[in-house]
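Presented below is the structure to which this report refers.
Read-outs: derived from the displayed coordinates by stated rules, not from any lab. Because the structure is a prediction, the values reported are computed rather than measured. Using ideal geometry, Cβ is built from the backbone for each residue, glycine included, and neighbour counts are taken over all protein chains shown.
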Amino acid sequence: MMNSPTILVIDDESQIRKLLEITLDSNGYKTVFASNAKEGILMSANHPPDLIVLDLGLPDDDGQNVLVQLREWFVNPIIILSVKSAESEIVKALDNGANDYLTKPFRTQELLARIRAALRNQSMVTPEPIVTIDAIQIDFSARIVKVNSEIIKLTATEYTLLSLLVKNEGRVLTHQHILKEVWGPSYIDQTQYLRVFIAQLRKKIESDPNRPKYILTESGIGYRFNIS
Amino acid sequence: MKTLIQHIRTKNQYVLSIVSVSIVSLLFLFTREYLDYNVIGYLLLVLVSLLAIFLDIYAVLLAAVLSALAMDFLFIKPYYTLHIETAKDGLLLFLFFIIAMINAVLTFKVRKANQLAHAKEAKLQTMKLYNTLLDSLSHELRTPISTIMGAIGILQEKPKQLSEENSTKLLSEMEKASLRLNHQVENLLNMSRLETGYIQPKMDWCDLKELVYKVLNDLKEELVNHRIIVKIPDYLPLFKLDYGLTEQIVYNLIYNASQYTPQGALIEIGVDYIPDVNFEYEEGKVMTCKITISDDGNGFPEDEIHKVFDKFYRLQHSKTGGTGLGLSIVKGFVEAQNGEVSLENKEDESGAIFTVAFPAVVMQTNSIHNDE
């Protein structure tokens, strides 16, 4: 773990800033705040933070524009925190380079979990050869997946899908992103593959495939691998 | 009558007044030697008055002018000229014209007044609807806000006198209240999305089994005291539907069942599909996707059953709480996807069944499973 990471919050609502200040501060993060797009971009350029929490409804610019501008050079995680809950808006933000998206109203525990996951993913420069999550163990070098210490047979596609999800644990991956990574760019609209293979994968790794613990559905957006 | 007027378009109205005045004039052309032209004048006045009932003012004015000309040209001697010989005839024609005009204007005014009265009544109805909304809404919004404010008050004022158990209880009440508040705000936002017509379904392949279980998971707190049965066939294909809208539909229906059935009641959720009679079955063709949510509660009063999907409608003797928005949102979202929703009581009066039916493109997935 890094030495208290710095988080820049760009949000024009002072109530939200205050809430995040207390929440993040008491969880060992350093916090800096900006209340508009201009200030936010300036601050992230002067002292690049470890993570940015960005609101989409800023007074001086559309948050999506800010996101695009930031992503021209800013490589650390950006988490969107917005009242905008339309699927199209969320997918657009993720396409524009946001690592994660949380809609207001939110639970602070949920935000903290997302922040932890984003920082963890960021610090994994060279991925571990063997990753263990609860009862699931993935050996990336040998391409072996174990559930409750028992080797389970996965097809090549299932394995690629699972490792993509695990490598991005805690983060929402859009349907299009997964389809492109696992099946290739020409499959970007073939969501039927994703539906079928997610269901198959759940049958193999979840103890109750109908109430998944690991592979969570983000309605109309994508999937998220969850570590509780 | 109003519809009849709206039915006859402006252009056709002018044609109608020209044709009717011509026909009546021509008919009486053959009787002009036996009938006094005064009588014919009265008959034409009757015609103009009749037209005034059905047509717009300009078409009626046209009929008045035309019939005055016809009187002069065909029935007042000398015939076939607009020349008038006696002062008596001139006065008569003038009076005829004036009466026809007054007729037209008066009828028009009466009709206007009628429309105004209708509009006023419609406005009253809307006002009544809004009052109902405001009553239930202020209850639904203010109750959780009161809970939150009250709890904060106690926590601020006497933090030391509170036992740990009590402050946990207060926090839990605050949480429940904010969830309830959030649910109502969500309903209101969805309603305004529907009202403004801002709903464009994004059709994509949906795994309805996944969707149903996701909703059940989201509602697990509300369903602790209910028994749940899910009946979904293993061979269920994928359906092309809007995931978000369909999720909200299923959510509202199950939420509704959880709120309005007694503790321990059984809620049964079924998904199935039937070939649409209008389409031949073939891979990727349209079928009817059917979602049913039934319970073994008390059912609905038969005389109110057709009103439950109306906006803001709440059952006469239902418990307090609720805005009457949930089911109307269901209806709106179902219709946005060209589907239908219906409600009926079970035949043996042991509960209610909500049925949602969408026409949806289906895809059997066996071909994909083997794709390696």
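Details
- Furthest towards positive pole of dipole, A:ILE136, A:LEU194, A:SER44, structure part the protein assembly as shown, Cβ charges: A:SER44
- Overall, segment A:130-225 carries a charge dipole of about 80 debye about its Cα centre when +1 sits on the Cβ of Lys and Arg and -1 on the Cβ of Asp and Glu, all other atoms neutral.
- Panel order for B:LYS169, A:LYS167, by other beta carbons found within 10 Å of each beta carbon, from fewest to most: B:LYS169, A:LYS167.
- Helix-only mean residue ellipticity at 222 nm for chain B, each DSSP H run of n ≥ 4 adding -39500 (n - 2.57), per residue, nearest 500: -19000 deg cm²/dmol
- Compared with the dominant principal axis of the Cα atoms in chain B, helix B:243-260 is inclined by about 80°.
- Full-extension gain in nm, B:HIS118 to B:GLN263, via 0.36 nm per residue minus C-alpha separation: 47.5 nm
- Semi-axes of the equivalent ellipsoid for the protein assembly as shown, computed as √(5λ) from the eigenvalues of its C-alpha gyration tensor and ordered from largest down, come to 68, 30, 28 Å.
- Ranking B:ALA119, B:SER17, B:VAL361 by Cα position along the charge dipole of chain B, where only Lys, Arg, Asp and Glu carry charges on their C-beta atoms, puts B:SER17 farthest toward the positive end.
- Alpha-carbon radius of gyration plus Dmax, which is the widest Cα pair, for segment B:1-198 in Å: 35.2, 112
- A dipole drawn for segment B:93-217 from +1 and -1 charges on Cβ atoms has a positive end, and of B:SER172, B:THR107, B:VAL215 the residue lying farthest that way is B:THR107.
- Residue order for A:TYR187, A:TYR101, B:TYR235, fewest other beta carbons within 10 angstrom first, comes to B:TYR235, A:TYR187, A:TYR101.
- CD proxy at 222 nm, helix term only [per DSSP H run n ≥ 4: -39500 (n - 2.57); per residue of chain A; nearest 500]: -12000 deg cm²/dmol
- Average partner coverage of B:213-226, which counts Cβ from other chains inside 10 Å: 2
- Each of A:ARG71, A:ARG202 was scored by other Cβ atoms within 10 Å of its Cβ. Listed from fewest to most, they are A:ARG71, A:ARG202.
- Taking only Cα atoms of chain A, radius of gyration then Dmax in Å: 18.3, 55
- Summing Cβ point charges (Lys, Arg +1; Asp, Glu -1) relative to the Cα centre of segment B:204-369 gives a dipole of roughly 440 debye.
- Segment B:158-203, dipole about Cα centre (Lys/Arg Cβ +1, Asp/Glu Cβ -1), debye to the nearest 20: 60 debye
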